[in-house]
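Beneath this line is the structure, given in structure tokens, with notes to follow.
The values are calculated or read from the model by the stated rules, or taken from the named source; none is laboratory data. From a predicted model like this one, the values you see are computed outputs, not experimental measurements. Here Cβ is always computed from backbone atoms with ideal geometry, including for glycine, and neighbour counts include all displayed protein chains. Side chains are part of the model used for accessible areas, which takes the heavy atoms of the whole protein and leaves out ligands, DNA and RNA. Shrake-Rupley method; radii C 1.70, N 1.55, O 1.52, S 1.80 Å.
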Amino acid sequence: MPLALYALTAGAFGIGVTEFVIMGLLLEVGADFGVSIATAGLLISGYALGVVVGAPVLTVLTARWPRKTVLLALMVVFIAGNAACALAPGYGFLMAARVLTALAHGTFFGVGSVVATGLVSPDRKASAIAVMFTGLTVANILGVPLGTWIGQQFGWRATFAAVTLVGLAAFAVIALFVPRDDRPTDAEDWRADLAAILRVPVLLGLLTTVLGYAGVFAVFTYIAPMLTRISGFSEAAVSPILLVFGGGLVVGNLVGGRLGDRGVLAAVFGTLIALALVLAAMTLGLGSPIAAVLLTGLLGAAGFATVAPLQMWVLSKAEGAGQNLASSLNIAAFNLGNAIGAWAGGEVIDHGPGLAFVPLVAALFPVAAVVVALMAVTVSRRSTQVYPST
């Protein structure tokens, strides 16, 4: 894999840290600003919605820019947003800074995915996307625990200051190693982009992503109380167990890339079915400490194995025009799934059968995603469009 691809991975690492590290700092942020944990938790939802809005808007606005210029501009937004978080005088300002930072998220991964696939041979495109997304997995394994530790030792503002430095480093390596490409990021007519996105197979592909990842985050959002209240672990044991989850992310990400290279459609169905089975098994397995640790790792593996195949699938449906927009919107779809899954899990806990049944309800999401994917295949066959074969 070329060095330029690892430069994109560095940017993905920084974005992954800033998205997820807030989960470990909610108590500190809430205490500093005098708000409840639930209110502090809205900083996660605000970020996710910022991704959903920013992905299509910034992709369209930068459609005539060279791809490398877009990536560097997005890193500037990322750096400014995290610096603003570190200096936030109040909760509202911090929320605004989080949303500003999130605006760069979807377009970076969308344009970055297209750049990544252009750096390698056609038979390694899914693996190239997986390598770039490895930045997210490493962020969960190393960046988030380290960022949480920094925040607990030196204050949560120090964490965002550190992430700002990561952004500066990512800007530097992208500037140095990503080759210059004076071509615009996509078709210059945004109407053609929109027409590509509004095709039924593309919309169904995006819906598949939303449903698949809603299942992951319905459980991951509440994994700590599951491990302590159901599996019987102490709070101190949660962080080491989450390292197992992070290890699963790395394995699943790379396996998903390899499977996608062999056949995107088969990889989409296979990974979604595996995710549904893991979530269903968690309903029974969380009662056993050993099984709970194993299933936590499998959740990370199955959840992230879907990423590269789904991204490649949506890219294939865009067929040239609208690829960057479709790719960015698919990243937004992942984040919309995050928000829906977290909400659904909370509803099951507060108004449903309770915490122990969250994984079982979560399993319904990837099952629904398989159904939607089957609909997409049926529609594509009827319209005689060519998609990746099994």
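Residue check: residue 50 meets all listed conditions (1) touching a Pro at 6+ places or on another chain (Cβ under 6 Å); (2) of a type outside the set (Ser, Thr, Tyr); (3) under 25 Å from residue 338 (Cα atoms) but one, namely (1).
Let's see how each residue does on (1) open to solvent by less than 30 Å² (accessible area, probe 1.4 Å); (2) among the β-branched types (Val, Ile, Thr):
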{"site": "212", "(1), (2)": "yes, no"}
{"site": "219", "(1), (2)": "yes, yes"}
{"site": "248", "(1), (2)": "yes, no"}
{"site": "254", "(1), (2)": "no, no"}
{"site": "275", "(1), (2)": "yes, no"}
{"site": "281", "(1), (2)": "no, no"}
{"site": "287", "(1), (2)": "no, no"}
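Scan the stretch 40-69 for residues that are under 20 Å from residue 192 (Cα atoms), open to solvent by less than 20 Å² (accessible area, probe 1.4 Å) and either out of contact with any Gly (no Cβ under 9 Å at 6 or more places or on another chain) or not small (Gly, Ala, Ser) (or both) and the total you get is 3. Scanning the stretch 2-25 turns up no residue that is open to solvent by 40 Å² or more (accessible area, probe 1.4 Å), touching a residue at least 40 places away in the same chain (Cβ under 8 Å), of a type in the set (A, V, I, L, M) and outside any helix (DSSP H, G or I). Kindly indicate whether any position in the stretch 312-319 is over 19 Å from the mean Cα position of the chain (by Cα), open to solvent by less than 10 Å² (accessible area, probe 1.4 Å), over 23 Å from residue 12 (Cα atoms) and not hydrophobic (A, V, I, L, M, F, W, C). Yes, that holds for at least one residue.
In the stretch 352-373, the residues that are farther than 28 Å from residue 312 by Cα and β-branched (Val, Ile, Thr) form Cβ pairs under 8 Å with partners that are modelled with pLDDT under 95 and open to solvent by 30 Å² or more (accessible area, probe 1.4 Å), at six or more places apart or across chains, as follows: 358/222; 358/349. Residue 32 passes every criterion in (1) in a helix (DSSP H, G or I); (2) in contact (Cβ under 8 Å) with a residue 12 or more places away in the chain; (3) touching a Leu at 6+ places or on another chain (Cβ under 9 Å) apart from (3). Scanning the stretch 50-70 for residues that are part of a helix (DSSP H, G or I) and aliphatic (A, V, I, L, M) turns up 51, 52, 53, 55, 57, 58, 60, 61, 70.
Conditions (1) modelled with pLDDT of 85 or more; (2) farther than 30 Å from residue 376 by Cα, marked per residue:
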| residue | (1), (2) |
| --- | --- |
| 203 | yes, no |
| 208 | yes, no |
| 216 | yes, no |
| 219 | yes, no |
| 225 | no, yes |
| 228 | no, yes |
| 231 | yes, yes |
| 236 | no, yes |
| 240 | no, yes |
